[in-house]
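Novice: Next up is a structure, given as structure tokens.
The values are calculated or read from the model by the stated rules, or taken from the named source; none is laboratory data. Please read these numbers as outputs of a predicted model, since none were measured by experiment. A quick note on method: Cβ atoms are made from the backbone with ideal geometry, for glycine too, and the neighbour counts reach across all protein chains shown.
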Amino acid sequence: MRDRVPVVVQGSGRRGRRAGLAGVLWAGAELIVTVGVVVLLLVVHQVWWTNRQAAAAAQEQVQALERAWGEGSESGSGAAGAGSGDGTGDGGVPVVGSEASGPADSGAAPAATRAARPAPAAAGPSERERAYAVLRVPRLGLVVPVAQGVDKRTVLDKGYAGQYPGTAGPGSQGNFALAGHRNTHGEPFRYINRLRAGDELIVDLRGRRFTYVVGKVLSETTERDTGVIAPVPRSVVKPDQGYSEPGAYITLTTCTPEYSSKYRLVVWGTLLRSS
């Protein structure tokens, strides 16, 4: 009987190592795909879902204001004037804003400007966050509620335009200065870069209407350019931009470029008529 010759299979260890490496790569690929899906869902939530939620809630607030005014009731309107809203924000913009608001607060307005404003009613914290006016921009098809203060969570993220504390009330002498998100959370000010001289900016307030006309657009300035929301708005970064005479102004501020908070875009207008 012949002796059996043992057969040695070459490369079995190598195949095992390859199989182990393939398993690691497959697990890594699954992890990457999972992380990618999670990130995508977060982006969809931030960019799309928050827009839908905030925009819908803002329009409901507009309708509630219009119903209250139509019924002759001031409930839900809040204070008529400015300057009593919270200015505590986050996202790196000092005192008065969030990443989508605008320049820092320029401080208290002169006594003459303050005297021209309607006296604010006594308001609790919840009332300071409530919309009290409606901004309409016919060129953009924009209708957005206006609330006091530029706090991100309680005002801007609701899809509102927020009024800078210390600025004049609608129709008053001085500067009625507003901030709004350009991207996400309703993004009411996304397309204000399309505004041109002569376009109307309409503010409704308890049965009164103040119509402003766009005069100037500052396409880019720093987040700390306090001059743009001053009673007589004029950039301190670009002194040739702005106004030099007292008047009744409106200012819209938002971030630029889109999906960035590096700079601020500013639109100025002057009061054309009130009714």
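Novice: Which condition from (1) under 25 Å from Ser260 (Cα atoms); (2) acidic (Asp, Glu); (3) touching a strand residue (DSSP E or B) at 6+ places or on another chain (Cβ under 8 Å); (4) not in a loop (DSSP other than H, G, I, E, B) is the one that Asp151 breaks?
Specialist: All conditions are met except number (4).
Novice: Would you mind finding the one in Gly166, Gly162, Gly186, Gly171 that is in contact (Cβ under 8 Å) with a residue 60 or more places away in the chain, assigned to a loop (DSSP other than H, G, I, E, B) and within 9 Å of the chain's Cα centre (by Cα)?
Specialist: Matching residue, one of Gly166, Gly162, Gly186, Gly171: Gly186.
Novice: Can you tell me which condition Gly16 does not meet? The list is (1) part of a helix (DSSP H, G or I); (2) modelled with pLDDT of 70 or more, and all the others hold.
Specialist: Every condition holds for Gly16 apart from (2).
Novice: Considering only residues that are touching a Pro at 6+ places or on another chain (Cβ under 7 Å) and within 21 Å of Leu195 (Cα to Cα), which ones fall in segment 134-174?
Specialist: Answer for segment 134-174, where residues must be touching a Pro at 6+ places or on another chain (Cβ under 7 Å) and within 21 Å of Leu195 (Cα to Cα): Val134, Leu142, Val144, Gly159, Tyr160, Ala161.
Novice: Another question about this same structure. Can you find a residue that is free of Cβ contacts under 8 Å to residues at least 24 places away in the same chain and surrounded by 16 or more Cβ atoms within 10 Å (Cβ to Cβ) anywhere in segment 220-234?
Specialist: Within segment 220-234, one or more residues are free of Cβ contacts under 8 Å to residues at least 24 places away in the same chain and surrounded by 16 or more Cβ atoms within 10 Å (Cβ to Cβ).
Novice: Also, I was wondering about something else. For segment 160-190, how many residues are farther than 16 Å from Leu272 by Cβ, in contact with a Gly (Cβ under 9 Å, 6 or more places away or on another chain) and not small (Gly, Ala, Ser)?
Specialist: Number satisfying all stated conditions: 12.
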